[in-house]
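This report concerns only the one structure given below.
The values are calculated or read from the model by the stated rules, or taken from the named source; none is laboratory data. What you see is a predicted model, and the numbers here were worked out from it, not measured in a lab. Cβ placement follows ideal geometry from the backbone for every residue including glycine, while neighbour counts extend to all protein chains displayed. The area values use the complete protein model at the heavy-atom level, side chains included, leaving out ligands, DNA and RNA. Shrake-Rupley method; radii C 1.70, N 1.55, O 1.52, S 1.80 Å.
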Amino acid sequence: MATGISDAEFSSADGVAEWRVLFWGAKALYETGDFATGAKFVAAIAEAAEAMGHAPLVDLRPDTVTVQVITPGVGLSDRDLELARSISGIATRLRLKSDPSAVQHVQLAFDTADRPAVMEFWRAALGYVAVGDEDLIEPNLIGPPAWFQDKEFVPPRNRIHMDVSVPHDQAQARIDAIVAAGGRVLGDRYAPAWVSLIDPEGNVVDICTWQGRN
């Protein structure tokens, strides 16, 4: 059985320096340089995961491999930490470089007055499945999830906004880039868990980190 661990426990653990905690687990991106090397890396990950009986989510691209560890129903667990360490060791043996700044997680967020009704509409529209009372996910965890919260609509922000979960050490740079691109900070009282920013037409993005969540 997997034992849940906090975001802080994962982030401070030895052997996972290139991993970053985001929404829905932790991710690491490795630069492989070519597809064949990436495929070799993925094969080694598969062998380690099979031996452990705990599989990650893997995204193989022409010159990168992104890996996500998560335990459904738990979040991050001791098994995720063990698997992340194993994957880091494989990457070291293959001499692969990681880029912690390149990972992120994006989700749609809905402010609702009737959460069950709105959630059911989007479940049908997207072909997603419900996880608990607030989340919809794409069955294979490929598309961005959707999160629904009971919240009064307060102009100028819209009812639908984006949540972008970024590495905790990249959040300020992302916020600065948004402001430089014409956005403004709408609210930061919950920082560093999230900072809300708004574009010139009232569309909102929350830049989120694990810090402040637990």
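Quick check for you: with a 1.4 Å probe and neighbouring chains kept, what is the accessible area per residue of the chain, in Å²?
53
Tell me the carbon and sulfur percent of the accessible area for the chain, rounded to whole percent, probe radius 1.4 Å.
54
Mind checking which lysines have their C-alpha under 16 Å from Lys27, skipping anything on the same chain fewer than 8 residues away?
Filter leaves Lys97.
Placing +1 at every Lys and Arg Cβ and -1 at every Asp and Glu Cβ, with all other atoms neutral, what dipole size does segment 102-203 have around its Cα centre, in debye to the nearest 20?
In total the dipole reaches around 180 debye.
For segment 7-98, count the residues as N, evaluate 2.2 N^0.38 Å, and divide the Cα radius of gyration by that value, please.
For segment 7-98, the normalised Cα radius of gyration is 0.99.
Find which of Ser88, Ala13, Phe23 sits farthest along the positive direction of the dipole of segment 7-98, computed with +1 on the beta-carbon of Lys and Arg, -1 on that of Asp and Glu, about the Cα centre.
The listed residue farthest towards the positive side: Ser88.
For the chain, with only Lys/Arg (+1) and Asp/Glu (-1) charged at the beta-carbon, what is the dipole magnitude about the Cα centre, in debye rounded to 20?
About 320 debye.
Using the Cα centre as the reference, give the magnitude of the dipole from point charges on the C-beta atoms of segment 19-107 (Lys, Arg: +1; Asp, Glu: -1; all else neutral), rounded to the nearest 20 debye.
Around 160 debye, computed over segment 19-107.
Where the centroid of each part is defined by its Cα atoms, how far is segment 150-214 from segment 20-56 in Å?
Rounded to whole Å, the Cα centres lie 30 Å apart.
Taking the radius of gyration and the Kirkwood hydrodynamic radius from Cα positions alone, what is the Rg/Rh ratio for the chain, to two decimal places?
Radius of gyration relative to Kirkwood radius: 0.99.
May I ask you to list the GluC sites (Glu not before Pro) in segment 110-185 that are in a DSSP loop and have at most 12 other Cβ atoms within 10 Å of their Cβ?
Counting only loop positions with at most 12 other Cβ atoms within 10 Å, the GluC sites (Glu not before Pro) in segment 110-185 are Glu152.
Considering the options His54, Gly132, Gly75, tell which one lies farthest towards the positive end of the dipole of the chain, charges being +1 on Lys and Arg and -1 on Asp and Glu at the Cβ, about the Cα centre.
Of the candidates, His54 comes out farthest on the positive side.
Translational diffusion coefficient of segment 74-171 at 20 °C, 1.002 mPa s, Stokes-Einstein with Kirkwood Rh over Cα pairs, in µm²/s as a whole number.
The diffusion coefficient I find is 133 µm²/s.
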